[in-house]
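K.L.:
Take this structure first; my questions come after.
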Amino acid sequence: MSAPGLDPTFTALPYRSLGDAALGRARELGVSHADFRFERVRYQHLGVRDGVLQGASDHEDLGFAVRVIHRGAWGFASAVVLTTDEAVRVAERAVAVALVAGEMTTTPVEIAPEPVHDDVTWVSAYDVNPLDVPVAEKAAVLIDWTNRLRTGAAVDHASADLQQVLENKYYADLAGTRTTQQRVRLQPGFEAMGSGADTVDSMASIAPPVGRGWEYVVGGAGSGGWDWDDEIEQVPELLAEKLKAPSVEAGTYDLVIHPSNLWLTIHESIGHATELDRALGYEANYAGTSFATYDKLGTLEYGSPVMNVTGDRTQPHGLATIGYDDEGVQTQSWDIVRDGRLVGYQLDRAMAHMKPELNPAHPGGRSNGCAYADSPGHIPIQRMANVSLQPAPDGPSTEELIGRVERGLYVVGDKSWSIDMQRFNFQFTGQRFYTIADGQLVGQVRDVAYQATTTDFWGSMEAVGGPDTWVLGGAFNCGKAQPGQVASVSHGCPTSLFRGVRILNTTDEAGQ
Amino acid sequence: MTIQQTGTLTPQSLVEHALATSVADDTVVIVRDSTSANLRWANNTLTTNGVMHGITVTVVSFVRQAGGVATGSVTGSASSAAQVTALVEAADAAARAGSPAEDADDLVSGAAAADWDEEPGATDIHVYDRFAPALGEAFGRASSAGRILYGFVNHEVVTTYLGSTTGLRLRHVQPTGHHACTGKTADLTQSAWVGGATRDFSDVDALAMEETLAQRLAWGKRRVDLPAGRYDTILPPAAVADLMIDAYWYAGARVAWEGQSVYSRRGGGTRIGEAIAAPGVNLFSDPAYDGLQCAPFAVAASSSNESSVFDNGLPLGRTDWIRDGELTSLLQTRHSAAMTSQPVTPAIDNLVLSVDGASGGIDDLVAGTERGLLLTCLWYIRVVDQQSLLLTGLTRDGVYLVENGEITGAVNNFRFNESPVDLLRRFSHASSTGPSFSREWGDDYFSRTATPALRVPDFNMSSVSQAM
């Protein structure tokens with residue numbers, strides 16, 4: 001199958017003429033920097049419960065924004081009326097905002113330079129745009145999933161949903177960069193609910209959201225797809241076992257954590273902690289800061305020597321993958337943690353200018369391409385790359401890791417998550433927890449949460465699995481910034497072994 | 001679906017054009033015109049800002065077919081007739097290809113509201129004409145005193161126009177604003193926060209905000225490290241709002257009826273009619289509540305457990321969720337109300353908690369506490385267990401030690417594990433109810449709350465957080 005190209009219904013839109021008009025007016029007004037971003041983001045969501053389509057809705061976000069640096073201050077304005085007159089007005093509005101902002105901007109804004117990328121295009125890797133598939137066909141798949149789940153004796157109710165996104169962006173700036181890009185992502189999922197003698201519980205799919213097309217849903221396990229049939233067959237029995245499982249005894253356990261759970265711990269305790277804007281205080285009033293402050297670069301022992309973490313916006317099928325970021329920077333991959341030590345951060349152009357030493361090959365600094373805005377109406381900020389834990393080249397299998405544990409738990413699937421504003425203290429639950437006794441799985445336990453401090457946790461990582469255990473997980477719903485923005489991001493990791501982690505019994509915590 | 005526009009129309013014209021263009025059996029059109037302006041700062045300097053204008057049009061088409069009524073819902077940015085036509089065609093096609101909706105019901109009928117013809121409300125950067133210079137001055141005061149400010153102000157005006165082929169022509173203007181500022185000492189070892197909601201920024205004083213932060217940071221000159229455990233804890237209105245919003249969001253009737261929430265009755269059905277909180281506790285929503293006014297009619301772009309496109313335009317009035325400690329209502333659509341044999345009580349965009357007989361403020365609760373903790377706000381709150389509505393989260397930006405009725409120092413942060421429903425049973429004291437702002441949910445999801453401060457004698461601080 002040939003690779004999809006740019007959607008002609010997007011390329012027919014007047015973004016070039018609007019961009020020229022806006023940037024031309026910004027130049028006339030004497031700005032030191034201006035960029036124009038035109039976006040169309042299409043969303044479609046389907047929700048099914050107990051064999052019935054509950055809702056199907058389409059949403060399209062279409063508009064443009066002008067961002068300027070004028071007299072050392074940012075100015076940003078956006079609109080949805082797609083005329084050159086409006087583009088000129090929006091440029092003027094952005095400059096007016098910069099003048100107001102100038103009264104309160106005590107540190108002049110500067111950004112790191114970036115080579116000009118003149119009229120380049122980029123399209124993500126997928127086969128079938130899910131938005132081209134008829135809703136009825138997609139609904140039939142979800143309905144079938146819930147019907148099959150409900151054949152399980154333990155399943156009282158079942159739900160399934162599918163979120164799909166087609167994102168198109170055009171970026172242009174006064175330096176001469178022009179990029180036109182397109183990417184597709186989707187998040188299918190299901191959940192089965194059931195009741196036991198003294199409890200009600202659920203079990204959800206552990207399939208990750210991906211930067212792939214409809215082939216991820218119907219293509220089977222091959223070629224990077226997901227084996228939905230196998231998981232749907234297993235989940236009712238897994239839920240039945242969970243409903244009968246004993247409640248965990250709180251204490252300290254060794255954990256073998258599957259990638260379907262560990263990706264989220266990476267996201268919260270490494271991904272966010274190594275965003276330089278957080279480390280420098282830019283999110284102090286909202287998402288928070290970071291314990292991994294800039295003075296610790298090169299010295300902080302983040303974890304054990306087997307810990308190697310990369311930032312990467314080029315990972316195939318990654319949710320944060322793109323050719324050029326929302327400041328016209330070509331995307332890259334780089335080390336964040338090497339042999340357990342903090343060695344890098346995620347940057348945008350303003351951050352890169354503040355810390356040019358992070359990229360010694362570029363005297364004025366260079367961003368590693370982490371600027372992103374989730375809509376035409378929002379200003380780009382530093383957002384997360386695909387931050388991934390690397391496997392050991394000749395590392396063990398999951399079974400071998402379990403075999404090294406005398407008393408512990410094997411954790412599969414994510415559920416509840418929470419971490420503090422400096423990314424120290426976290427607590428996670430999961431879809432299922434298996435007791436490990438003398439290197440063997442001996443059945444599920446329930447009411448489990450694990451709680452730790454970031455550096456203690458990663459320091460307790462004794463082993464990472466081999467490449468065969470590595471899975472690219474991720475999320476559609478990463479929140480940051482004011483006004484709030486939502487980003488999608490992937491995190492790959494191998495199954496890994498941690499020693500001596502605190503386990504809570506959530507029923508005890510609730511005082512039940 | 002994307003059509004290049006050639007001209008702009010009023011929101012009312014967009015509604016009428018969509019209704020006239022649709023060939024479905026019935027149609028509901030929702031137009032939202034939004035303007036917003038924001039300022040954000042960190043390290044005593046402005047960081048980002050913006051003014052935005054958006055117009056979205058939602059077309060919900062209803063097509064009768066064998067076995068019921070199918071629906072199609074399509075939303076898009078649109079300001080021209082051509083763009084709206086494309087949305088209508090897509091919605092009609094989706095309905096024709098759809099299957100019968102389980103929540104099908106008669107559409108709400110009505111006539112044009114008196115304000116239907118009025119223009120949308122608006123805001124712009126000048127909403128900060130008084131605030132912005134004061135903020136600049138606050139930066140100067142903070143810098144000279146060795147304090148660092150980080151914060152955000154946002155003002156948004158959204159005007160909703162809802163029209164239907166059954167005659168509805170409803171309009172609602174919703175101003176939403178909030179302000180928040182975090183202050184830190186220069187060595188970053190102490191942190192404090194102040195924030196609130198506003199409708200127009202006429203009541204927001206940047207210098208007063210800075211003064212409050214200075215006072216709170218001064219409380220931290222004595223640092224006391226405490227271990228995890230259960231503490232006599234005063235939750236200020238912001239923290240109570242954080243927790244009550246979760247209690248409200250997870251109050252869906254259908255989910256409770258199907259056995260999956262804290263509001264489910266063991267053995268089947270819901271806990272409506274059961275005393276779930278202490279006597280005198282009232283949790284309610286009211287579109288007309290003074291200072292928290294919100295849309296007095298239901299608006300739904302799609303159907304789910306707690307919303308139905310068939311309910312668009314349904315009038316909303318005061319709804320008691322908990323009255324005198326008894327669970328009285330859950331979030332209903334007409335469909336779930338029929339399923340659970342309960343009255344139709346849709347979600348409303350504000351929430352009030354009050355305690356009969358409560359009076360005074362936080363200072364009074366502090367004065368009556370021999371030894372305990374005073375919190376500032378909560379953060380990163382997530383559900384751990386739906387059956388108990390066990391929540392986990394963190395204290396943030398100021399935990400203070402209360403000894404003999406006075407604040408005597410600042411304490412480390414904690415991770416908590418608690419159920420808001422259980423707290424409504426266990427609290428020992430409450431203040432009077434006043435406007436509040438949820439640190440966790442107020443920015444983006446739910447800013448209209450009024451809550452008291454609550455004192456809980458045994459709040460579960462599960463572990464210590466090193467965050468400062």
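The values are calculated or read from the model by the stated rules, or taken from the named source; none is laboratory data. Just so it is clear, the model here is predicted, and its values are computed rather than measured. Here Cβ is always computed from backbone atoms with ideal geometry, including for glycine, and neighbour counts include all displayed protein chains. Protein only, heavy atoms only, side chains kept; ligands, DNA and RNA dropped before computing areas. Shrake-Rupley method; radii C 1.70, N 1.55, O 1.52, S 1.80 Å.
K.L.:
Quick one: would you say residue B:361 is more than 14 Å from chain A (Cβ to nearest Cβ), small (Gly, Ala, Ser), in contact with a Ser or Thr (Cβ under 8 Å, 6 or more places away or on another chain) and under 30 Å from residue B:215 (Cα atoms)?
P.N.:
yes
K.L.:
Pick from segment A:457-492 the residues that are assigned to a strand (DSSP E or B) and of a type in the set (D, E, K, R): which of them is farthest from residue A:386 (Cα to Cα)?
P.N.:
Here the residue is A:462.
K.L.:
Something else: Tell me, please, whether a residue that is open to solvent by 10 Å² or more (accessible area, probe 1.4 Å), without any contact (Cβ under 8 Å) to a residue 24 or more places away in the chain and under 23 Å from residue B:127 (Cα atoms) can be found in segment B:158-165.
P.N.:
There is no residue in segment B:158-165 that is open to solvent by 10 Å² or more (accessible area, probe 1.4 Å), without any contact (Cβ under 8 Å) to a residue 24 or more places away in the chain and under 23 Å from residue B:127 (Cα atoms).
Condition check ((1) without any contact (Cβ under 8 Å) to a residue 40 or more places away in the chain; (2) open to solvent by 10 Å² or more (accessible area, probe 1.4 Å); (3) assigned to a strand (DSSP E or B)) across all residues:
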site	(1), (2), (3)
A:170	no, no, yes
A:182	no, no, yes
A:243	no, yes, no
A:252	no, yes, yes
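K.L.:
As an exercise: evaluate residue B:423 against (1) open to solvent by less than 10 Å² (accessible area, probe 1.4 Å); (2) part of a strand (DSSP E or B); (3) farther than 23 Å from residue B:194 by Cβ and give the number of the one condition it does not meet.
P.N.:
Every listed condition holds for residue B:423 apart from (2).
K.L.:
Output the residues belonging to segment B:41-68 that are part of a loop (DSSP other than H, G, I, E, B), open to solvent by 20 Å² or more (accessible area, probe 1.4 Å) and at the interface with chain A (Cβ under 7 Å from one of its Cβ atoms).
P.N.:
B:43
K.L.:
Suppose we filter segment A:156-168 for residues that are open to solvent by 10 Å² or more (accessible area, probe 1.4 Å) and either of a type outside the set (S, T, N, Q) or part of a loop (DSSP other than H, G, I, E, B) (or both); how many remain?
P.N.:
Of the residues in segment A:156-168, 3 are open to solvent by 10 Å² or more (accessible area, probe 1.4 Å) and either of a type outside the set (S, T, N, Q) or part of a loop (DSSP other than H, G, I, E, B) (or both).
K.L.:
Same structure, new question: Within segment B:371-405, restricting attention to residues that are among the charged types (D, E, K, R) and at the interface with chain A (Cβ under 7 Å from one of its Cβ atoms), which residue is nearest to residue B:214 (Cα to Cα)?
P.N.:
Restricting to residues being among the charged types (D, E, K, R) and at the interface with chain A (Cβ under 7 Å from one of its Cβ atoms), the top hit is B:396.
K.L.:
Working only within segment A:214-240, note down all residues that are free of Cβ contacts under 8 Å to residues at least 40 places away in the same chain, hydrophobic (A, V, I, L, M, F, W, C) and surrounded by fewer than 19 Cβ atoms within 10 Å (Cβ to Cβ).
P.N.:
Within segment A:214-240, just A:221 meets the criteria.
K.L.:
So if I check each of A:454, A:469, which one is open to solvent by less than 10 Å² (accessible area, probe 1.4 Å), β-branched (Val, Ile, Thr) and in contact with a Ser or Thr (Cβ under 7 Å, 6 or more places away or on another chain)?
P.N.:
Sole residue among the options that is open to solvent by less than 10 Å² (accessible area, probe 1.4 Å), β-branched (Val, Ile, Thr) and in contact with a Ser or Thr (Cβ under 7 Å, 6 or more places away or on another chain): A:454.
K.L.:
Assess whether residue B:148 counts as being within 12 Å of another protein chain (Cβ to nearest Cβ), over 29 Å from residue B:58 (Cβ atoms) and aliphatic (A, V, I, L, M).
P.N.:
yes
K.L.:
Restricting attention to segment A:37-59, and to residues there that are buried (at least 23 other Cβ atoms within 10 Å of the Cβ) and within 24 Å of residue A:181 (Cα to Cα), which single residue is nearest to the other protein chains (Cβ to nearest Cβ)?
P.N.:
Residue satisfying both the conditions and the ranking: A:58.
K.L.:
Further question on the same structure: Being of a type in the set (Gly, Ala, Ser), open to solvent by 10 Å² or more (accessible area, probe 1.4 Å) and modelled with pLDDT of 95 or more narrows it down to one residue among A:413, A:395, A:365, A:369; which is it?
P.N.:
Answer to the selection: A:395.
K.L.:
Please work out which one of (1) more than 18 Å from residue B:54 (Cβ to Cβ); (2) more than 7 Å from chain B (Cβ to nearest Cβ) is the condition residue A:89 fails and give its number.
P.N.:
(1)
K.L.:
Filter segment B:448-468 down to residues that are among the hydroxyl-bearing types (Ser, Thr, Tyr) and surrounded by 24 or more Cβ atoms within 10 Å (Cβ to Cβ) and give me whichever is farthest from the other protein chains (Cβ to nearest Cβ).
P.N.:
Selected residue: B:451.
K.L.:
Something else about it: Step by step: first the residues of segment A:73-96, then only those that are among the small types (Gly, Ala, Ser) and part of a helix (DSSP H, G or I), then the one that is surrounded by the fewest Cβ atoms within 10 Å (Cβ to Cβ). Which residue is that?
P.N.:
A:96
K.L.:
List pairs: first residue in segment B:97-116 and closer than 18 Å to residue B:311 by Cβ, second residue in a loop (DSSP other than H, G, I, E, B) and among the β-branched types (Val, Ile, Thr) anywhere in the structure, Cβ distance under 7 angstrom, at least six positions apart or on different chains.
P.N.:
The qualifying pairs are B:103/B:333; B:107/B:166; B:108/B:166; B:109/B:166.
K.L.:
Return the pair list, or none, for Cβ contacts closer than 8 Å from residues in segment B:364-393 that are at pLDDT 95 or above and basic (Lys, Arg) to residues that are outside any strand (DSSP E or B) and surrounded by fewer than 23 Cβ atoms within 10 Å (Cβ to Cβ), at least 6 apart or on different chains.
P.N.:
Cβ pairs passing all conditions: B:371/B:404.
K.L.:
Another one. Report the residue count in segment B:111-146 for those that are on the phi < 0 side of the Ramachandran plot and not in a helix (DSSP H, G or I).
P.N.:
The number of residues fulfilling the criteria is 17.
K.L.:
Under 9 Å between Cβ atoms, at least 6 apart or on separate chains: pull out the pairs that start in segment A:463-475 with a residue that is closer than 14 Å to residue A:400 by Cβ and end on any residue that is assigned to a helix (DSSP H, G or I) and open to solvent by 10 Å² or more (accessible area, probe 1.4 Å).
P.N.:
A:463/A:400; A:465/A:398; A:465/A:400; A:466/A:400; A:468/A:398; A:469/A:398
K.L.:
Kindly indicate the residue of segment B:171-202 that is open to solvent by 20 Å² or more (accessible area, probe 1.4 Å) and over 22 Å from the mean Cα position of the chain (by Cα) and also nearest to the other protein chains (Cβ to nearest Cβ) among those meeting that condition.
P.N.:
Ranking the candidates gives B:188 first.
K.L.:
Only one residue in A:125, A:112 is over 20 Å from residue A:65 (Cβ atoms) and either open to solvent by 20 Å² or more (accessible area, probe 1.4 Å) or basic (Lys, Arg) (or both). Which one?
P.N.:
A:125
K.L.:
Now for a different question. When only residues in segment A:332-344 that are touching a residue at least 40 places away in the same chain (Cβ under 8 Å) and open to solvent by less than 70 Å² (accessible area, probe 1.4 Å) count, which is farthest from residue A:357 (Cα to Cα)?
P.N.:
Going through the qualifying residues, I end up with A:340.
K.L.:
Consider residue A:427 against the criteria (1) in contact with a helix residue (DSSP H, G or I) (Cβ under 9 Å, 6 or more places away or on another chain); (2) of a type outside the set (Val, Ile, Thr); (3) under 30 Å from residue A:288 (Cβ atoms): it satisfies all of them except one. Which criterion is unmet?
P.N.:
Going through the list (1) in contact with a helix residue (DSSP H, G or I) (Cβ under 9 Å, 6 or more places away or on another chain); (2) of a type outside the set (Val, Ile, Thr); (3) under 30 Å from residue A:288 (Cβ atoms), residue A:427 breaks only (1).
K.L.:
Among the listed residues B:308, B:285, B:264, identify the single one that is within 12 Å of chain A (Cβ to nearest Cβ), closer than 30 Å to residue B:31 by Cβ, touching a residue at least 12 places away in the same chain (Cβ under 8 Å) and open to solvent by less than 40 Å² (accessible area, probe 1.4 Å).
P.N.:
B:308
K.L.:
I'd like to verify a number: residues in segment A:156-203 that are more than 10 Å from every other protein chain (Cβ to nearest Cβ) and of a type in the set (Gly, Ala, Ser), how many?
P.N.:
9
K.L.:
Further question: Can you confirm whether residue A:454 is within 14 Å of chain B (Cβ to nearest Cβ), polar (S, T, N, Q) and touching a helix residue (DSSP H, G or I) at 6+ places or on another chain (Cβ under 6 Å)?
P.N.:
So residue A:454 fits the description; yes.
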